[in-house]
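Working notes for the structure below.
The values are calculated or read from the model by the stated rules, or taken from the named source; none is laboratory data. Computed from a predicted structure; not experimentally measured. Cβ placement follows ideal geometry from the backbone for every residue including glycine, while neighbour counts extend to all protein chains displayed.
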Amino acid sequence: MTVRESGGPPVRAAGEPNGQIAVPTAIERAAREEAARNNAADSKLSDVSSLQVSPTAGVVSRRRVLQRVIMPRADDPPDVRPLYLDESENLHGCTSEVVSRSTVTLPPWSQLSFATYFNAFPASYWKRWTRVEEVALRLSVQGAGRVDLYRSKANGDVVHLEGKQLDTGDGAVVLEFRESLAPFEDGGWVWFDVATVRESLTISDAAWIVDEPLPARPLAVAITTFNRPADCVTALAALAEDQAVLEIVTKVFVVDQGSVKVQDHQLFATAAAQLGDRLVVIDQENLGGSGGFTRGMLEALRTEGIEHVMLMDDDVRLEPDSVLRVHAFASATSSPVIVGAQMLNLQVRSQLHAMGEIVDLRTSFWRPAPGSVFQHDFAKLTLREQRLLHARIHSTYNGWWMCLFPREVLERTGLPLPLFIKWDDAEYALRAGECGFPTVTLPGSAIWHMPWTDKDDATDWTAYFHLRNRLITVALHSPYDVRWALVQDGLRTTFRHLMAMEYSTVALHHKSIEDFLDGPERLFASLRDALPAVRTLREGYDDARIFSSAQQLPMPLFDPVRIERLLDPPTHPVAIAKRAMSTISHHLRAPVPPARDRPQINVPAHDARWFLLGMVDSATVTNADGSGVAFRRRDPEQFRALLTRTVTLYRRLIAEWDAASERYRASLPELTSVGSWEQTFKGGESRRFP
């Protein structure tokens, strides 16, 4: 038996914390019925003589494929190659020839490992969350050489399983290796290696498969976009380029909230023609990410037959096979789970930026999941070499750069909160988890996305939404008394922003606390009016005004040598305290007059720290992506006023926390209901294509 007929944790009903509902058996019945229908047409998987494996040609039912073995695209840069092929053990310096996305040829005297991010099979995740008990590797081989199967343990130790030496002559043969998932509870991957001596060897149409077909679960993809038509069209083209993806995707909803429309892009017509009647473009006013993604979810719920909804950002580079893998995994789970993709760095394409994340409800913030690896570069250290990548990790949420939801999750959890942007994904996953639907971040499934380290979202206008929505999320879901944790973090953060002359950020935090304490009644209205209010508030502060370059301002007053000693951060507690006292004393004194019109220093983004900026009267500071600078000027009056207001508001937050939390919890059903969101969408203009 390859697939478990039942099992997995029971699903807990929303609103019934002490009740349990039995796991439905519809998936198992569908799988058995389809297997019976296909029995006469499909050869048994053990009959290798009559079966040609081709994930692209479809001779093996794609609904039996868990994960294809894929090669880099022809136009991929060199740094992407290590995600697909590990040639680090090739002592002769030869590289393999990538013939197509499904075929690679090894020259004589070479070695090639598929122990790579996109081609090793993440067996431990399939063992823990799905009904699959055994996986088979099927591949077509032509030429002479050796194929070996390996697995890893949770600690990264490598185990040789079996291998085969072969010489196929002029023809091709199909090999099959089977591996039980029994030993993978805590971690481990499975992969294969290939080696040649005097002749070449071609590997094609390899795939990790199961004996029984997966149940049919029609998928809708929902993309939210705002003034990124080129990026959005690229994502649509990536979906359309793979026939296997088109076979499972029933609808592609594009919620366009920008003023520069996707449909006006010169390549839109081509992508639209490829997607055909699957594509639906909805133009609506800008309601933020939560408004856009919720519209996509709602459209999917309204469409008959849709069983899975995948949310996807617009500014991504997509590996189409990731769509298939996430969908296959979700179709095989023992009970419904949210399945998320990992994030690769769009700027350093070989780097795994985010492996998995959790919300720490004690400290009231998100962070990497325990045991996860952050910013790992596969071009520098392979999957086989990095032992920390082999243990299975547990996430509590997944960013909506790419994340799949079974229909049942949406129906029983409700829709997202009207938060505009930030924390909507984390809050939703926490709420779904409380309803019995965990989140799994699946290795080997990923998109390339701009890393958040290249954004100023902790200091620009998004700082308002970060704090307000964080407070709402923690009020709804934390079982701890988090008031002092919030105050300690808030005062520490305020100090750093004030020392760095980021007065607008502190003012936004004040508005966040005030709006949170005002209660949930205006959350839907804030989808439309919060962003204009935030932008108006920032207009009164120097640090919010951006110049395209420091050359638009006078040359700095200070010689670089004068500030060199301030660049080293204090590390000892005594040194930190002394520097903090010095910066506070400095900020209470009047600035020197010339610094008002002429910056004392030019500071790059990576050096814009409190211990440096706290000792000057003015500076230009580059933003995170290098596109401009802000001319920050020290203002003792603003400093005193903002600090006083901070203390007042955090005192109020402590006093009113319990009452505010209760109001948000009581309002949650209305805030997340289909009816409330439908009324919101009716309140603005929208149109559809086609």
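Is it the case, given these coordinates, that Leu236 is buried (at least 24 other Cβ atoms within 10 Å of the Cβ) and not assigned by TED's automatic domain parsing to the domain that holds Ile421? For Leu236, the condition - buried (at least 24 other Cβ atoms within 10 Å of the Cβ) and not assigned by TED's automatic domain parsing to the domain that holds Ile421 - is not met.
For region 236-262, a tally of residues being closer than 29 Å to Phe420 by Cα and not aromatic (Phe, Trp, Tyr) returns 17. Residues in region 323-378 that are under 19 Å from Ala120 (Cβ atoms) and of a type in the set (Ser, Thr, Tyr) were compared, and the one that is surrounded by the most Cβ atoms within 10 Å (Cβ to Cβ) is Ser372.
Looking at Gly169, is it under 19 Å from Thr105 (Cα atoms) and without any contact (Cβ under 8 Å) to a residue 12 or more places away in the chain? When the stated conditions are applied, Gly169 passes them.
In region 409-431, the residue that is surrounded by the most Cβ atoms within 10 Å (Cβ to Cβ) out of those that are out of contact with any Phe, Trp or Tyr (no Cβ under 8 Å at 6 or more places or on another chain) and not in a loop (DSSP other than H, G, I, E, B) is Glu427. Quick one: is Gly171 at positive phi and outside any strand (DSSP E or B)? No. Assessment of region 193-210 against the conditions (crowded, with 16+ Cβ neighbours inside 10 Å, assigned to a loop (DSSP other than H, G, I, E, B) and either among the hydrophobic types (A, V, I, L, M, F, W, C) or free of Cβ contacts under 8 Å to residues at least 40 places away in the same chain (or both)) yields at least one matching residue. Only a single criterion out of (1) at pLDDT below 95; (2) touching a helix residue (DSSP H, G or I) at 6+ places or on another chain (Cβ under 8 Å) is not satisfied by Gly305, namely (2). For region 276-297, give me each residue that is surrounded by 19 or more Cβ atoms within 10 Å (Cβ to Cβ), of a type outside the set (Gly, Ala, Ser) and assigned to a helix (DSSP H, G or I). Phe293, Thr294, Arg295, Met297 - these are the residues of region 276-297 that are surrounded by 19 or more Cβ atoms within 10 Å (Cβ to Cβ), of a type outside the set (Gly, Ala, Ser) and assigned to a helix (DSSP H, G or I). For region 432-446, a tally of residues being under 16 Å from the mean Cα position of the chain (by Cα) and of a type in the set (A, V, I, L, M, F, W, C) returns 3. Taking the criterion of being surrounded by fewer than 19 Cβ atoms within 10 Å (Cβ to Cβ) and closer than 24 Å to Gly433 by Cα, would at least one residue in region 311-322 satisfy it? No, region 311-322 has no match at all. Across region 140-150, the qualifying residues are those that are within 23 Å of Leu383 (Cα to Cα) and surrounded by 21 or more Cβ atoms within 10 Å (Cβ to Cβ), and the one among them that is farthest from the chain's Cα centre (by Cα) is Val147. When the residues of region 570-603 are filtered to those that are among the β-branched types (Val, Ile, Thr) and under 26 Å from Val629 (Cβ atoms), the one that is surrounded by the most Cβ atoms within 10 Å (Cβ to Cβ) is Val603. Being at pLDDT below 95, surrounded by 16 or more Cβ atoms within 10 Å (Cβ to Cβ), of a type in the set (Gly, Ala, Ser) and more than 30 Å from Leu388 (Cβ to Cβ) is not true of Ala220.
Taken over region 641-690, the criterion of being over 28 Å from His510 (Cα atoms) and either charged (D, E, K, R) or in contact with a strand residue (DSSP E or B) (Cβ under 9 Å, 6 or more places away or on another chain) (or both) is satisfied by Glu678, Phe681, Lys682, Gly684, Glu685, Ser686, Arg687, Arg688, Phe689, Pro690. Quick check, is Ser124 crowded, with 24+ Cβ neighbours inside 10 Å, out of contact with any Pro (no Cβ under 6 Å at 6 or more places or on another chain) and over 23 Å from Pro213 (Cβ atoms)? Spelling it out, Ser124 is indeed crowded, with 24+ Cβ neighbours inside 10 Å, out of contact with any Pro (no Cβ under 6 Å at 6 or more places or on another chain) and over 23 Å from Pro213 (Cβ atoms). Hey, does region 70-84 have a residue that's in contact with an Asp or Glu (Cβ under 8 Å, 6 or more places away or on another chain) and either surrounded by fewer than 16 Cβ atoms within 10 Å (Cβ to Cβ) or part of a loop (DSSP other than H, G, I, E, B) (or both)? Yes, because at least one residue in region 70-84 is in contact with an Asp or Glu (Cβ under 8 Å, 6 or more places away or on another chain) and either surrounded by fewer than 16 Cβ atoms within 10 Å (Cβ to Cβ) or part of a loop (DSSP other than H, G, I, E, B) (or both). State whether one or more residues within region 465-478 are surrounded by fewer than 23 Cβ atoms within 10 Å (Cβ to Cβ) and assigned to a loop (DSSP other than H, G, I, E, B). Within region 465-478, one or more residues are surrounded by fewer than 23 Cβ atoms within 10 Å (Cβ to Cβ) and assigned to a loop (DSSP other than H, G, I, E, B). Pick from Ala485, Ala507, Ala530: which is part of a helix (DSSP H, G or I) and closer than 20 Å to Gly289 by Cα? Exactly one residue qualifies, and that residue is Ala530. Filtering region 343-365 to residues that are touching a Phe, Trp or Tyr at 6+ places or on another chain (Cβ under 9 Å) and part of a strand (DSSP E or B) leaves Met343, Leu344, Asn345, Gln351, Leu352, His353, Ala354, Glu357, Ile358, Val359, Asp360.
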